[in-house]
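Chemist: This is the structure I want to talk about, given as structure tokens.
The values are calculated or read from the model by the stated rules, or taken from the named source; none is laboratory data. If you're wondering where the values come from, they're calculated on a predicted model, not measured in any experiment. Ideal geometry is used to build each Cβ from the backbone, glycine not excepted, and the neighbour counts take in all protein chains shown.
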Amino acid sequence: MNRIGTVEILRMRVYNLDAETHDDLCTTVIVEPGLYDLFEDGMTTWWVMTGQINKRGMWRLGDGAFAAITGDEPSGIEVTFPSKRFGSDEWAALIAGPEFTDGPARRLRVLLDAEVRS
């Protein structure tokens with residue numbers, strides 16, 4: 001695994017804690033804007049983020065009581081976790097897409113280390 005730069009998250013985002021889980025009840029994390037390390041291993045590219053577990057969903061309060069929270073709200077429980085791992089074709093499509101290109105949908109920016117650029 002080699003660090004190749006950073007991903008700058010430009011706006012608050014909500015990510016699945018396990019990037020490969022796609023059901024509506026999975027745990028999500030609120031990630032604030034900032035710089036996050038970008039890695040590659042020769043086959044895949046991903047970044048590692050820090051954020052707070054999202055309160056949205058059903059929270060067990062104990063003794064059979066639950067609370068339903070419908071909005072995104074940080075819980076105060078901090079976690080560090082990886083993004084989805086992108087193969088070379090997936091990575092090329094991602095950075096060419098609206099989340100990375102200039103315009104109103106831009107949410108992310110890639111900043112490669114100098115030695116990687118040359």
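Chemist: With respect to Leu35, determine if the residue is closer than 30 Å to Ala114 by Cβ and under 12 Å from the mean Cα position of the chain (by Cα).
Modeler: Considered against the rule, which asks whether it is closer than 30 Å to Ala114 by Cβ and under 12 Å from the mean Cα position of the chain (by Cα), Leu35 comes out as yes.
Chemist: Which of the residues spanning the stretch 23-54 are of a type in the set (A, V, I, L, M, F, W, C), within 25 Å of Ala92 (Cα to Cα) and surrounded by fewer than 14 Cβ atoms within 10 Å (Cβ to Cβ)?
Modeler: Within the stretch 23-54, Leu35, Met43 qualify.
Chemist: Then there's this: Are there strands (runs of 3 or more DSSP E) fully within the stretch 40-118 with at least 2 residues that are in contact (Cβ under 8 Å) with a residue 12 or more places away in the chain and either touching a Gly at 6+ places or on another chain (Cβ under 8 Å) or under 16 Å from Val7 (Cα atoms) (or both)? List them.
Modeler: Filter on the stretch 40-118 gives 44-54, 74-82, 108-112.
Chemist: Could you list, in sequence order, the residues of the stretch 28-54 that are at pLDDT 95 or above and at positive phi?
Modeler: Gly34
Residue by residue, here is whether (1) out of contact with any helix residue (DSSP H, G or I) (no Cβ under 8 Å at 6 or more places or on another chain); (2) over 20 Å from Asp23 (Cα atoms); (3) exposed (fewer than 10 other Cβ atoms within 10 Å of the Cβ); (4) modelled with pLDDT of 90 or more holds:
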position: Arg56; (1), (2), (3), (4): yes, no, no, no
position: Arg60; (1), (2), (3), (4): yes, no, yes, no
position: Gly64; (1), (2), (3), (4): yes, yes, yes, no
position: Ile77; (1), (2), (3), (4): yes, yes, no, yes
position: Thr80; (1), (2), (3), (4): yes, yes, no, yes
position: Ser83; (1), (2), (3), (4): yes, no, no, yes
position: Ser88; (1), (2), (3), (4): yes, yes, no, yes
position: Phe100; (1), (2), (3), (4): no, yes, no, no
position: Gly103; (1), (2), (3), (4): yes, yes, yes, no
